[in-house]
Amino acid sequence: MADATTTRAATMEKIVALCKRRGFVYPGSDIYGGLANTWDYGPLGAELKNNLKQLWWRTFVQRRRDMVGLDGGILMHPRVWEASGHVVNFNDPLVDCKTCKSRFRADHLIEERLGQDAAGKTPDEMSAILSQANLPCPKCGNRTLTDARQFNMMFRTTIGPVEETGVQVYLRPETAQAMFVQFKNVLATSRVKLPFGIAQIGKAFRNEITPGNFIFRDIEFEQMEIEYFVHPDDGADAFERWLADMRAWFGRIGVREEHVRVREHAKEELSHYSSRTVDFEYLFPGPMGWKELYGLANRTDFDLKQHQEHSGEDLTYFDQPTGARFLPHVIEPTFGVDRTFLVVLLDAYDEEETVDVNGKPDTRVVLRLHPRLAPYKAAVLPLAKKPELTEVAKTLFDTLEAETGALIDYDETANIGKRYRRQDEIGTPFCVTVDFDTLQDRAVTIRDRDTTNQERVPLAEVAGWLRERIV
Ligand code: ATP
């Protein structure tokens, strides 16, 4: 494959357009004019997203003997977020424009408008930088930005019929906490021994003030997180092992190595709970450039200690072989589902210059998705909408569906060239065409999405042929 960093066909604009055109992602509440920074996954997006989550679950939970799963609630006791530090620490530094009332992230303004690094700076330090630069408001142009102040990013809601007397709770801003809060129950019920991890996939909510870049930064998104519990002496080694396991994941989802780099957090940038953090960054096309895709943090015993103190429950681990009792340390690999979805599309997107049936120059758009992730594994296409062909094609569709367990498309509309193009653009690895010869030779033509090569395969062997190629 060509050096994708210089000759990449993908742009964010093309991906956003393709997502809407083909039903991967729609703007949320579209017919009401949309709700800013919310998105709905359409028929193909729902399939791709499910495939991603299933692959992750299989890779990191089911295939490993040291992992178990959890499916926790979005609403948790409000004291969870006091113990975790989110009530006090989960803030973004914001500035307001006194003229147009718009709000901006102070750190983003410093990085994007002044080209300076804002990581680890306090609101006062950021205010000083901004007032010295006397930046105009990016929206209205007036030099009327306020000082930076902290704004908590958790969404609040109320349990109970009367708002004034109800219990105020938060929509979880990360999935991690349920795995600490249920640590004791998991220990007691699943016979796990250190080192072991708990994994969870689920929604998280953050009142992000500068969202954007399509599904890169949403206010509602999904996370795939692991809390990996180890002996306090083993944190550094476990961290290295997870670094390698996270790297290997990129190969499984077809994201090219040269588009990923690891960035070590500087001391002053570390979150309140972390002794070491690295970000996996992805090279987004265009002005976005390198941005965080995943994180890996050594949370030490911060969370278990906090929950032990706040709940009064003993959360120590008893190590039978040594008779020792201690609070385990925690390594946390965290993956955003929506960001994974986006980079998988960006890396799969390709354009090929070709000629159409009339010999005119034409561009073939191909989503070179790994067959594991592709929404449809194959499409069954009768060459013409003739009963003798559609009958064979529909029977083949039923057989493939039953014998491979995979999602198969069936399409009898438009000319065959157009149907191939549609399947190329949605990433279907194989098109199975039933033609007039099929009625005699009981065989079909299978076209490969990536090479466009065609192969004749007996009808009776198609299911087996496909099964071998989609795992
Ligand atoms: P950022 O610096 O981009 O705000 P973060 O460091 O706050 O991200 P974490 O708290 O480490 O992110 O969250 C873990 C993962 O969840 C991120 O690596 C990312 O993949 C995903 N994620 C975080 N915030 C969002 C968001 N607003 N929209 C979509 N995905 C997100």
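Only the coordinates and a few stated rules stand behind these numbers; no lab work does. What you see is a predicted model, and the numbers here were worked out from it, not measured in a lab. With ideal geometry, Cβ positions are generated from the backbone for all residues, glycine too; neighbour counts draw on all protein chains shown.
Observations
- Evaluation of Gly405 against the conditions (1) under 30 Å from the mean Cα position of the chain (by Cα); (2) surrounded by 15 or more Cβ atoms within 10 Å (Cβ to Cβ) shows that the sole unmet condition is (2).
- A single member of Lys193, Lys184 is more than 16 Å from the ligand (Cβ to nearest atom), surrounded by fewer than 20 Cβ atoms within 10 Å (Cβ to Cβ) and assigned to a loop (DSSP other than H, G, I, E, B), and it is Lys193.
- All positions within the stretch 312-360 that are within 16 Å of the ligand (Cβ to nearest atom) and either not hydrophobic (A, V, I, L, M, F, W, C) or not in a helix (DSSP H, G or I) (or both): Val330, Ile331, Glu332, Pro333, Thr334, Phe335, Gly336, Asp338, Arg339, Thr340, Asp347
- Test set (1) under 28 Å from Gly295 (Cβ atoms); (2) in contact (Cβ under 8 Å) with a residue 60 or more places away in the chain - Ile159 fails condition number: (1)
- Total residues in the stretch 225-268, condition within 13 Å of the ligand (Cβ to nearest atom), of a type outside the set (A, V, I, L, M, F, W, C) and more than 22 Å from Lys305 (Cα to Cα): 2
- A count restricted to the stretch 125-139 and to residues that are within 34 Å of the chain's Cα centre (by Cα) and exposed (fewer than 14 other Cβ atoms within 10 Å of the Cβ) stands at 1.
- Taken over the stretch 75-121, the criterion of being among the hydrophobic types (A, V, I, L, M, F, W, C), touching a residue at least 40 places away in the same chain (Cβ under 8 Å) and loosely packed, with under 15 Cβ neighbours inside 10 Å is satisfied by Leu75, Cys100, Ala119.
- Selected residue (criterion: farthest from the ligand (Cβ to nearest atom)) from residues of the stretch 275-311 that are within 18 Å of Gly85 (Cβ to Cβ) and small (Gly, Ala, Ser): Ser311
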